[in-house]
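Everything on this sheet refers to the single structure shown next.
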Amino acid sequence: MNDKVLDLLMRLGVLPPSTVEEIKQKIKPGTDTLEFLIKNGYLEEEKFLQLLHRNFGLKIAKELTVEDLDEELIKRIPPDLIQNYKAIPLKMENGVLQVLTPNPFNTQALNSLKFLLKASKVQPIVVPLSLIEKLLEELKEKEERIVTELAEEVEEGEVEALSIEEDENINWQEVVRAAETQTPIIKLVNYILLQGVKRGASDIHIEPQEKALLVRFRIDGILRIFQRLPVKMKDAVVARIKIMANLDISERRKPQDGRIRVTIHGKKIDFRVSTLSTIYGEKVVLRIQEAEKYLNFTLEDLGFESDNLFLFRHYIWQPWGMVLVVGPTGSGKTTTLYTALQERNSPEVNIMTAEDPVEVAIPGINQVQINERIGLTFAAVLRAFLRQDPDIILVGEIRDLETAEIAIRAALTGHLVFSTLHTSDAPSTTTRLVDMGVEPFLVGTAVNLVVAQRLVRRLCPNCKLNAREVYPEEYYRDLEEQVKNAIRRVMENLQRWLAKEKNPERKKQLIDALKQYQELYSKGLEIYTENPNGCEHCNNTGYKGRMAVHELLEVTDNVKKLILKGANAEEIKLEAIKEGMRTLYEDGLVKIGKGLTSIEEIKRVLVT
């Protein structure tokens with residue numbers, strides 16, 4: 001983008017070639033070119049605006065206020081995106097979206113707004129940089145003012161009505177009625193939920209502290225402060241969320257779990273709610289789940305390298321056996337399992353799931369919500385499932401020996417069973433089942449595949465830096481060699497699959513995939529690292545979005561023998577590596593070779 005703008009200005013005679021070369025040396029990756037030129041005196045803004053009007057016929061606007069903007073359009077765009085792109089939607093008529101921007105050559109910004117607002121065409125209207133910055137500042141202040149005003153409105157008269165004290169004689173019906181009817185509290189909580197969704201958060205944390213109520217959003221795996229609210233509001237906000245999630249508002253000592261389902265801009269959004277008592281009051285965490293995202297994923301979208309994708313797909317299409325997906329909370333296990341179920345979902349297959357909670361309702365699948373208070377445990381539901389003629393069973397989590405034994409028995413009696421465990425890697429999963437009390441011969445016979453996964457942040461495509469220019473030469477060469485070794489392992493696995501594949505279509509897919517990795521290995525290696533200063537696109541973090549890294553343990557005959565003789569996780573790992581398994585770290589190295597993430601991020605997540 002930088003080079004295109006500079007070359008254009010040079011061709012139009014605005015900047016001489018010598019100045020363009022000087023600018024290219026000075027400008028940092030991720031910096032907006034026009035902003036740099038104007039603020040550093042290389043370009044007179046007024047002359048530039050005249051040039052755009054004269055040469056490109058672009059409309060120029062110099063006098064606008066926040067009141068001239070379409071508030072409903074702006075509400076549909078994440079605030080961070082507007083601030084980062086310095087592009088504001090003005091209005092839309094007959095599918096044509098008018099966008100205010102100081103840089104009409106920023107096609108990424110224009111296309112993003114076009115896509116989000118579902119416009120058929122975008123018409124850039126050029127405004128001075130100073131004006132766009134003024135409008136952006138006013139929009140930011142307006143947003144902050146909304147939260148402050150809502151908080152003040154609640155403080156003035158409604159906190160007392162909703163305040164929950166440790167009082168056995170408190171009239172809970174009055175508290176519930178107040179929380180259900182007080183408009184400012186409703187507005188404030190709705191606003192927090194809306195902003196969490198718009199900013200792409202995976203979780204919202206509402207945390208009472210000694211002198212404030214802290215609201216934080218987890219974005220791309222990192223928690224960021226969204227707002228500090230007056231501490232007096234803590235009970236009112238928690239009470240409102242509990243009412244929305246159908247939780248017991250009078251119970252403040254025990255943890256509770258619930259669910260809120262809302263529609264935001266036409267999309268169904270689920271919030272998984274968890275409450276926990278702390279020394280300053282109840283903390284609430286809401287996990288944001290967008291049902292449509294789960295339903296639109298395919299296995300190709302999950303970040304599997306080609307060899308792992310073929311292996312995973314092979315086992316989810318087996319008639320019986322067990323496929324386990326393991327990793328810590330928030331590592332994408334549910335997404336992987338739901339995507340596998342979506343691939344197998346058809347009228348000919350009876351799929352039944354036992355979940356706690358049911359995270360997303362999938363058409364065509366029979367889903368059961370676990371409720372331990374009435375005895376509806378995983379084990380009880382599984383027993384019932386076996387009388388319901390299932391083909392595929394999903395057990396949300398194997399938590400105890402009873403559940404593990406019933407799931408394994410199902411896998412051994414002609415059913416395909418999917419489930420999850422909280423283990424650190426794939427090899428330790430088999431030993432964990434044995435430690436729970438499952439007989440080793442049952443583990444070795446029933447389990448077909450174990451998938452361990454983690455989520456790592458993607459490098460920002462706009463500002464990532466070439467690692468060769470950043471790392472010391474020796475360090476770079478060592479990393480490059482590690483990356484090549486990991487890619488070589490992928491190619492070896494693909495060649496093994498190719499040697500035994502009989503289906504012509506799958507054979508062609510394997511050949512195409514192998515060619516891509518061979519090209520990457522021989523001449524296409526792209527190693528990058530994050531820009532420590534980031535850019536507007538990534539909110540100055542150097543990263544934008546997340547993806548999964550995987551470790552797939554196939555329970556081969558040799559691995560089965562090790563399980564039967566009681567081998568430890570390290571012995572199983574060594575054998576699996578010998579037979580082609582790549583560790584989580586090695587899978588991360590392949591993604592580093594593709595320029596998708598950095599060695600720093602892989603080490604941060606995997607702690608090698």
| message | Please go through region 321-356 and give me each residue that is open to solvent by 10 Å² or more (accessible area, probe 1.4 Å), closer than 23 Å to Thr423 by Cβ and at pLDDT 95 or above, ordered by number. | response | none
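Inspect region 459-469 for any residue being assigned to a helix (DSSP H, G or I) and either of a type in the set (Phe, Trp, Tyr) or within 23 Å of the chain's Cα centre (by Cα) (or both) and give the result as yes or no.
no
If only one of Lys544, Lys594, Lys573 is open to solvent by 20 Å² or more (accessible area, probe 1.4 Å), in contact (Cβ under 8 Å) with a residue 24 or more places away in the chain and under 28 Å from Ala87 (Cα atoms), which one is it?
Step by step, each of Lys544, Lys594, Lys573 is checked, and only Lys544 is open to solvent by 20 Å² or more (accessible area, probe 1.4 Å), in contact (Cβ under 8 Å) with a residue 24 or more places away in the chain and under 28 Å from Ala87 (Cα atoms).
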| request: Identify, by number, the condition in (1) closer than 29 Å to Asn568 by Cα; (2) among the aliphatic types (A, V, I, L, M); (3) without any contact (Cβ under 8 Å) to a residue 24 or more places away in the chain that Ala380 doesn't meet. | output: (1)
| request: Could you list, in sequence order, all residues of region 289-311 that are open to solvent by less than 30 Å² (accessible area, probe 1.4 Å), aliphatic (A, V, I, L, M) and either in contact with a Phe, Trp or Tyr (Cβ under 6 Å, 6 or more places away or on another chain) or at pLDDT below 90 (or both)? | output: Ala291
| request: Answer with yes or no whether Val417 is open to solvent by less than 60 Å² (accessible area, probe 1.4 Å) and in a helix (DSSP H, G or I). | output: no
| field | Residues of region 244-261 classified as assigned to a strand (DSSP E or B) and open to solvent by less than 40 Å² (accessible area, probe 1.4 Å), total | value | 3
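So which residues in region 215-237 are closer than 19 Å to Ile288 by Cα and open to solvent by less than 10 Å² (accessible area, probe 1.4 Å), if there are any at all?
Listed by number, the residues that qualify are Val215, Phe217, Val237.
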| Just a yes or no: is a residue in region 440-448 closer than 17 Å to Thr377 by Cα, open to solvent by less than 10 Å² (accessible area, probe 1.4 Å) and in a helix (DSSP H, G or I)? | no
| message | Based on this model, can you work out whether Gln123 counts as of a type in the set (S, T, N, Q), in a helix (DSSP H, G or I) and touching a residue at least 40 places away in the same chain (Cβ under 8 Å)? | response | no
| task | May I ask you to list pairs of residues, at least six apart or on different chains, whose Cβ atoms are under 8 Å apart, with the first in region 469-496 being among the charged types (D, E, K, R) and the second being outside any helix (DSSP H, G or I)? | result | Glu480/Leu525; Glu480/Ile527; Lys484/Leu525; Arg489/Gly580; Arg489/Arg582; Glu492/Gly580; Arg496/Gly580
| request: State whether the residues of region 71-91 include one that is in a loop (DSSP other than H, G, I, E, B), β-branched (Val, Ile, Thr) and over 19 Å from Val127 (Cα atoms). | output: yes
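Quick one: in region 99-120, of everything that is in a loop (DSSP other than H, G, I, E, B) and not aliphatic (A, V, I, L, M), which residue is farthest from Tyr85 (Cα to Cα)?
The selected residue is Ser120.
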| task | Would you list the helices (runs of 4 or more DSSP H) that sit entirely within region 556-599 and hold 1 or more residues that are farther than 22 Å from Val323 by Cα and out of contact with any Pro (no Cβ under 6 Å at 6 or more places or on another chain)? | result | 584-593
| task | Being farther than 29 Å from Thr583 by Cβ and not small (Gly, Ala, Ser) is the filter; apply it to region 413-426 and report the residue that is nearest to the chain's Cα centre (by Cα). | result | His415
| said: Name the residue that is surrounded by the most Cβ atoms within 10 Å (Cβ to Cβ), counting only residues in region 64-107 that are of a type in the set (S, T, N, Q) and out of contact with any His (no Cβ under 8 Å at 6 or more places or on another chain). | reply: Thr101
| message | With the requirement that a residue be of a type in the set (A, V, I, L, M) and open to solvent by 30 Å² or more (accessible area, probe 1.4 Å), what does region 452-510 give you? | response | Leu455, Leu465, Val470, Leu498, Ala499
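With the requirement that a residue be among the β-branched types (Val, Ile, Thr) and under 19 Å from the mean Cα position of the chain (by Cα), what does region 553-608 give you?
Correct list: Ile592, Thr597, Ile602, Val605.
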| message | Any residue at all in region 265-288 that's surrounded by 15 or more Cβ atoms within 10 Å (Cβ to Cβ), in a helix (DSSP H, G or I) and at pLDDT below 95? | response | no
| request: Answer yes or no as to whether Glu536 is out of contact with any Pro (no Cβ under 7 Å at 6 or more places or on another chain), among the charged types (D, E, K, R) and in a loop (DSSP other than H, G, I, E, B). | output: yes
| field | Every residue from region 511-533 that is open to solvent by 90 Å² or more (accessible area, probe 1.4 Å) and part of a loop (DSSP other than H, G, I, E, B) | value | Lys523, Pro532, Asn533
| request: Would you mind stating whether Ala201 is part of a helix (DSSP H, G or I) and in contact (Cβ under 8 Å) with a residue 40 or more places away in the chain? | output: no
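The values are calculated or read from the model by the stated rules, or taken from the named source; none is laboratory data. Quick caveat: nothing in here was measured; it's all calculated off a predicted structure. Heads up, the Cβs are rebuilt from the backbone with ideal geometry, glycines too, and the neighbour counts pull from every protein chain shown. With ligands, DNA and RNA removed, areas are computed over all heavy atoms of the protein, side chains included. Shrake-Rupley method; radii C 1.70, N 1.55, O 1.52, S 1.80 Å.
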